[in-house]
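Contents: one structure, followed by commentary.
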Amino acid sequence: MDIKGKAAESTYGPEVLAGIGAFGGLYDAGGLQKMRAPVLVSSTDGVGTKVKLAAQAGRYGSIGEDIVNHCVDDILVQGARPLFFLDYFATSALHPELTAAVVGGAAKACREAGCALIGGETAEMPGVYIPGEFDLAGTIVGVVERDRILPRRNLNPGDVLLGLRSNGPHTNGFSLIRRIFRNTPLESVLPEMKEPLGDALLVPHRSYLPLLRPILDSDAAPIKALAHITGGGLVENPPRVFPEGIGAEIRRAAWPVPPLYAAIQRVGEVDPLEMYRVFNMGIGMVIAVDKKDVARLQKELPEASWVVGELVQGTRKTILK
């Protein structure tokens, strides 16, 4: 068995009937019969130009975690838990150590999510990718009970928005980041920061599944909606889960913005409002909850959260205060 096959096999449970090496992955869906009304949820995404930063730093394992966790969070917004994942890794020339690092990172994230890395594609494409360049994308399939699909239909003006911390830019805004820091060595420690720039930028995309799954599995889960803060930042992502007639107000002073973003803004001379349109600014997931349930939900969460704003009557837009 090759390197990718061994890494993938480490994620298999008894549901995987055929995985890496077969023409198609086989997943036994019989377990879904125990659910009342299972709904499959799928998503495909990539990690964008963060791959170029990973190549520049020669650090590839975290990029594999990035793609899995990004996709896990995307379907978590619908309330789903992951079942299986497929990756697409393409480069000019395959190098076993690079492939092992990327796929090993993806397998690690899949194991932590209880998700099988069931298949995918590893492609060598000289002439399409220049030497040393690569691309990484992935597809995830998960499941949720029909009556627990998010967002709920009872979103109303006055509902509170809670923010959960990110651990960095995750997988968004890296074209701008690379341009801003094109002349800054990744080992540099900028005045605003206490760690090397490369370490801060290449932290893997955080998965919110371990934090939120126990709450979502409760029969009395107070969560009305979730918004994964990806490309478009805090301006464009929350409205994606709003019904017509609902908008949001978000207060920028409501949470501590990590120092990395101050460094990005200073070096790049980026407009303050544009920062919130491009980056997550330290908030990677937003929760909509009824005002009366805020204290209970914050108590159930095993880490700090911040009241970052509220829903208002509006036109599916975010107003930054």
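For the reader, a short list of remarks on this structure follows.
- Cut-off under 5 Å, modelled amide H: who pairs with MET285 long-range: LEU164, ILE229
- Mean residue ellipticity (222 nm) of the chain, computed from DSSP H runs ≥ 4 via -39,500 (n - 2.57), nearest 500: -8500 deg cm²/dmol
- Applying the criteria of a DSSP loop state and at most 10 other Cβ atoms within 10 Å to the GluC sites (Glu not before Pro) of region 252-321 yields GLU269, GLU303.
- Cleavage-rule hits, trypsin sites (Lys or Arg not before Pro), region 178-228, DSSP coil, Cβ neighbours within 10 Å at most 13: ARG182, LYS194
- DSSP assigns beta bridges within the chain; of those with both partners inside it, close to 75 percent run antiparallel.
- Candidates per chymotrypsin sites (Phe, Trp or Tyr not before Pro) in region 23-77, loop by DSSP, up to 14 other Cβ within 10 Å: PHE23
- Taking every DSSP bridge with both residues inside region 3-148, close to 70 percent are antiparallel.
- Given +1 at the Cβ of Lys and Arg, -1 at the Cβ of Asp and Glu and no other charges, the dipole of the chain around its Cα centre is 860 debye to the nearest 20.
- Fewest-first ordering of ILE246, ILE149, ILE63 by other beta carbons within 10 Å of each residue's beta carbon gives ILE149, ILE246, ILE63.
- Considering only GLY24, GLY64, GLY282, the Gaussian network model of the chain with Cα springs below 10 Å gives its largest mean-square fluctuation to GLY24.
- In sequence order, calculated HN-Hα J values of region 73-84 (Karplus, 6.51, -1.76, 1.60; Hz; x Gly/Pro): 5, 5, 7, 4, 4, 8, x, 8, 9, x, 9, 8
- Phi angles across region 91-104 convert, under the Karplus curve 6.51 cos²θ - 1.76 cosθ + 1.60 with θ = phi - 60°, into 3J(HN,Hα) values of 8, 5, 8, 6, 10, x, 5, 5, 4, 4, 5, 5, 5, x Hz, Gly and Pro given as x.
- GNM top mover of LYS291, LYS52, LYS34 - the chain, alpha-carbon springs below 10 Å: LYS34
- Note on the chain: GNM, Cα springs under 10 Å; of ASP159, ASP147, ASP219, the largest mean-square fluctuation is that of ASP219.
- Each Lys and Arg adds +1 at its Cβ and each Asp and Glu adds -1 at its Cβ; summed about the Cα centre, region 160-320 shows a dipole of about 140 debye.
- Within straight-line cross-link reach of LYS34, lysines at Cα separation under 30 Å, skipping those fewer than 8 residues along the same chain: LYS108, LYS224
The numbers here are math on the coordinates, done by the rules we state, and not lab data. All values reported here derive from a predicted model rather than from experimental measurement. All Cβ positions, even for glycine, are placed from backbone atoms using ideal geometry, and neighbour counts span all protein chains on display.
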